[in-house]
1. If you go through the range 369-378 one residue at a time, do you hit one that is within 18 Å of the chain's Cα centre (by Cα) and farther than 19 Å from Leu255 by Cβ?
2. Residues to consider are Leu256, Leu267; find the one that is assigned to a helix (DSSP H, G or I), in contact with a Ser or Thr (Cβ under 8 Å, 6 or more places away or on another chain) and free of Cβ contacts under 8 Å to residues at least 12 places away in the same chain.
3. I'd like the full set of residues that are over 12 Å from Phe397 (Cβ atoms) and open to solvent by less than 10 Å² (accessible area, probe 1.4 Å), limited to the range 196-209.
4. Select, from Lys161, Lys221, the only residue that is of a type in the set (D, E, K, R), touching a residue at least 60 places away in the same chain (Cβ under 8 Å), at negative phi and assigned to a helix (DSSP H, G or I).
5. Would you confirm whether or not the range 75-88 contains a residue that is without any contact (Cβ under 8 Å) to a residue 12 or more places away in the chain, out of contact with any strand residue (DSSP E or B) (no Cβ under 8 Å at 6 or more places or on another chain) and assigned to a loop (DSSP other than H, G, I, E, B)?
6. Of all residues in the range 376-435, which are without any contact (Cβ under 8 Å) to a residue 40 or more places away in the chain and buried (at least 23 other Cβ atoms within 10 Å of the Cβ)?
7. Is it the case that Leu362 is open to solvent by less than 10 Å² (accessible area, probe 1.4 Å), more than 13 Å from the chain's Cα centre (by Cα) and within 24 Å of Met213 (Cβ to Cβ)?
8. How many of the residues making up the range 304-330 are part of a helix (DSSP H, G or I) and open to solvent by 40 Å² or more (accessible area, probe 1.4 Å)?
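The values are calculated or read from the model by the stated rules, or taken from the named source; none is laboratory data. It should be emphasised that the depicted structure is a prediction, and the values quoted were computed from it without experimental measurement. No Cβ is skipped: glycine too gets one built from the backbone with ideal geometry, and neighbour counts run over all protein chains shown. Quick note on the areas: whole protein, heavy atoms, side chains included, nothing else; ligands and nucleic acids left out. Shrake-Rupley method; radii C 1.70, N 1.55, O 1.52, S 1.80 Å.
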Amino acid sequence: MAELKSFFVQNKGKWLWAVAAFALCALLQEYVFPILLLIAYIKTVSFKNLSLRTVSPHGVFLLLFAVWQIIGLFYSGSAVSGLSGIAVWLAGFVSVIMMSRSIDSPLRLDTVMFAGSIGGGIAGGIGVMQMVLFHYGELIWAPLKTIFNPFWHQLDNLVAKLAINYLLPDFAKQYIQRTEFISIEERASSTFTNPVMFAAFLTMMLPLAVYCMFYLNGRGKKLVSFGCAVLIVGGIAASYSRGPYLALAASFIVLLFYGGKRTLALLGIGVGGIAAVAVVADGVFKRLLTLFNGNDISVNTRSDIWRACFDMLKGHWVFGYGTGVNNVREQLHGTYHINQPHAHNIFIQTTLENGIIGTALLLGSFIAFGIMMLRLCRKGKKERAVAITLIASLLSFCACGMTDCLFYGLKLNIYMMMFFGLASAAVNIYLKKKE
């Protein structure tokens, strides 16, 4: 504790708001964390000397995608949905600026990654506890079985009820798709409202915990990071979300490129972790194996959605239907009678809304990011570790996005952008300054 206090005394400054946002946004309610994010923006973001030349290549693609979204609004049949999507994307772009300009030294980069691993560990720990209560909580008190899953569920529904009844004007109520937050009681959601979004977040945070476990100085930090990694994996398991399970495997393979003893250590930890899950929570493997069950509702629903989406693309693949998730939702509901809100794939959803042009711009941001990280990999051991870690995190996001539309979740949209910002910061720290 004394070491932590000394650190904050010696390194105080507005940049800590960016660290706080990265660590806490996932833990706060959907309607509270934007307040923290806004404060962090006000404290840290300056648009002085900002131009396309000072923005990273992937940042340029992200900005161009926002411009294309605005153009798509003019032929969209859902202006309100489109405007909200654009607002979220632009807010996320400010997150890119916040992280890239606030995190300007190796120490600050390590700090924000350590903070992210702690945030992930806390969220994962809450998820594990939710499943423990689900199975054993009623032995103490029956409501304990579900009352804290999702963690903020009771407060969320109270706030939603008050907002709809007393705050929202009548014309705005028609755009509310749900009057209550969802609750999937048999799967952990932690501080999120959906187990898939929760697990996707954890798959992004796990590489940070692994990085801190191997590369931070100090035995205490390494032990804390290891504990966070265990809780994160436990949280992913407790979510019973198969897409994130596969994303976790992809992320693990990327992290093996750390090389040397760290690769051997990861292999040992991975084998031990699989064995522990098999003993303690064999339901995880049973859930994964249902992917090959032809009667699985979730798999069949996604198959139906994707067939409908490809049918919808006929004649609209260049420009799409316009910005706004409601353009897709209304057709899935009305034309194809599929009661789902989106395409369950970030790239199919993007193509439906903004056409192949929008998808190309979105892909361009990830490709530019990958090229920059590969450049960073060639610079040295620490630089290589940072690059591999960030690649693993955003690869996890994309892998989870193959079976769900993660842009539908405000938190994950913002975290994706903050990771892009960390990539820009890493390049500024390790490449541009050296040059």
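1. No, the conditions are met nowhere in the range 369-378.
2. On the way: Leu267 fails: in contact with a Ser or Thr (Cβ under 8 Å, 6 or more places away or on another chain).
Just one listed residue meets the conditions, Leu256.
3. Phe198, Leu208, Ala209 - these are the residues of the range 196-209 that are over 12 Å from Phe397 (Cβ atoms) and open to solvent by less than 10 Å² (accessible area, probe 1.4 Å).
4. None of the others qualify; the one that does is Lys221.
5. Among the residues of the range 75-88, not one is without any contact (Cβ under 8 Å) to a residue 12 or more places away in the chain, out of contact with any strand residue (DSSP E or B) (no Cβ under 8 Å at 6 or more places or on another chain) and assigned to a loop (DSSP other than H, G, I, E, B), which makes the answer no.
6. Ala387
7. So Leu362 fails the test.
8. Matching residues across the range 304-330 total 6.
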